[in-house]
Structure formats: structure tokens, C-alpha cells
Amino acid sequence: MNYVMSDIHGEYDKFLEMIQKINLQDEDTLYILGNVVDCGEEPIEVLTEMAERPNIYPIMGDCEQTAADVLTMLTEDISEGEIDKLRPETVQALSEWRTKGGSKTIEEFIRLTSEERQDVLDYLCDFSKFEIVDIDDKTYILVHRGLGDFENKGKKLKNYTILDLAFTDVDYNNKYFDDDSVFIVSGHVPTYKLCGEDKIYKSNNNICINCGVSEGRRLACLCLETMQEYYV
């Protein structure tokens with residue numbers, strides 16, 4: 001089976017609970033559509049758990065891109081177990097990231113050994129921009145935020161940048177492909193802002209699966225073969 005999950009935001013216990021609920025097997029595949037880090041208490045634990053599971057495929061979210069950029073700067077400034085004098089640009093980047101929920105990620109990252117920090121960075125930087133999954137006669141394009149402005153309709157996927165896919169709002173009122181068998185699955189926007197409920201939202205072949213776990217709501221998971229929805 002192929003499953004999709006998004007916006008875990010450091011909620012490690014909820015993540016493990018969902019893994020158990022879907023009974024994820026070695027032959028299954030779980031795609032995680034970004035924003036694994038920030039906000040919650042245990043973002044590094046979530047990343048470590050993901051990295052240890054070869055059947056989990058992570059997709060870059062805006063939080064991961066920010067983390068990769070800022071933590072690379074921080075790593076260049078700190079030595080084993082100690083924080084040296086940080087460059088002004090690093091201090092500014094850290095400060096801006098903290099205001100967006102990055103405090104726990106930064107704190108946990110600093111406590112790692114230099115080898116562990118590099119492992120985390122290597123893993124983050126290896127996240128894909130998108131994935132395409134074909135199941136029977138349907139095609140699912142998996143991204144963090146969506147395909148951005150509807151004006152991009154017809155743009156080839158290979159030409160999309162991480163700015164398009166992770167930092168630009170999607171228009172759920174529009175259908176991005178004329179082909180009824182093509183669906184976009186994304187996260188980022190909490191679904192209660194789209195439909196008033198913390199449940200998976202579907203509109204115009206767009207499927208949003210971020211149900212706001214970082215805001216005290218629910219973590220969602222969707223099975224692409226059966227369209228069964230799971231919540232914890």
C-alpha cells in the first residue's frame with residue numbers, strides 16, 4: 001500500500017501512533033509531504049525515525065528548506081559540544097526562524113554530536129521536491145504545498161522550483177490538470193481553514209491532508225489505493 005502523511009511538526013508520539021494505526025509494513029511505502037520539523041517538542045526524533053525506515057520517502061516543505069539553510073550556517077559556526085562566536089548573519093537567520101516555530105529544532109540540533117548533526121543535514125538536504133505515484137488508472141502528484149498560482153497551469157513539473165512547490169499558495173478553487181485522473185496531494189494549509197473541520201479536504205482534484213496536529217488538532221494519513229482516511 002502507498003500512504004501519505006504531512007505536517008507532523010515534531011509530534012513524535014502522534015507520528016508513532018499513526019505508524020501503528022496504519023500497520024505500516026516493510027513492503028508498504030509512506031510518503032511524508034514536508035513540514036516534519038518545527039513547532040512540536042521532538043522534531044529531531046521524528047527525522048531520526050524517518051531516516052531509519054527505508055520505506056519512508058520525504059518531500060521538502062518550507063520548514064525543511066529553512067532548517068537545511070539555517071542549520072548549515074549554524075554548523076559552520078559551532079564546534080563539537082560548544083558554540084563559538086556566531087556570525088551576524090547566522091544570528092539573524094536563527095532569530096527569524098525562532099519566530100516561525102524553529103526553537104525546538106534548533107535546541108535539539110545543538111545537543112547532537114557533530115556527526116549526528118551532519119547526518120541530520122544530509123538527510124534534510126536529500127528530501128525530494130515532489131513524487132509521482134501511479135495507482136491503477138490514477139496519477140497522484142505529491143508535493144508539500146501544491147502547484148502554486150493557477151497561472152502556472154501547463155508548466156512542466158521538472159521546471160518547478162522549491163519556491164513554487166513549498167512556499168507558494170495553491171488555489172484549491174481551480175483544477176490544475178484537464179485530465180480527471182490526475183490528482184495533487186499536498187499539506188501545509190490546515191484543512192479547518194479550508195472546510196471548517198480537521199479532516200482531509202478534497203476539491204477540484206486537489207487533496208489537502210494537513211489536519212492541524214501542530215495546532216492541537218489531528219494528524220491525518222491517506223491510503224492512495226483505497227482512499228481510506230486515518231486520524232490520530
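The numbers here are math on the coordinates, done by the rules we state, and not lab data. Computed from a predicted model, the values in this text were never measured in an experiment. Ideal geometry is used to build each Cβ from the backbone, glycine not excepted, and the neighbour counts take in all protein chains shown.
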For the stretch 189-231, what are the residues that are out of contact with any Cys (no Cβ under 8 Å at 6 or more places or on another chain) and in a loop (DSSP other than H, G, I, E, B)? GLY196, GLU197, ASN204, ASN205, ASN210, CYS211, GLY216, LEU224, GLU225, THR226, MET227, GLN228
Within the stretch 149-205, the residues that are among the β-branched types (Val, Ile, Thr) and touching a Phe, Trp or Tyr at 6+ places or on another chain (Cβ under 7 Å) are ILE184, VAL185, THR191
Against the definition (surrounded by fewer than 22 Cβ atoms within 10 Å (Cβ to Cβ), in contact (Cβ under 8 Å) with a residue 40 or more places away in the chain and within 15 Å of GLY187 (Cα to Cα)), how does ASP7 come out, yes or no? no
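Restricting attention to the stretch 109-129, which residues are of a type in the set (D, E, K, R) and either surrounded by 13 or more Cβ atoms within 10 Å (Cβ to Cβ) or closer than 21 Å to ARG98 by Cα (or both)?
The answer is ARG111, GLU116, ARG117, ASP119, LYS129.
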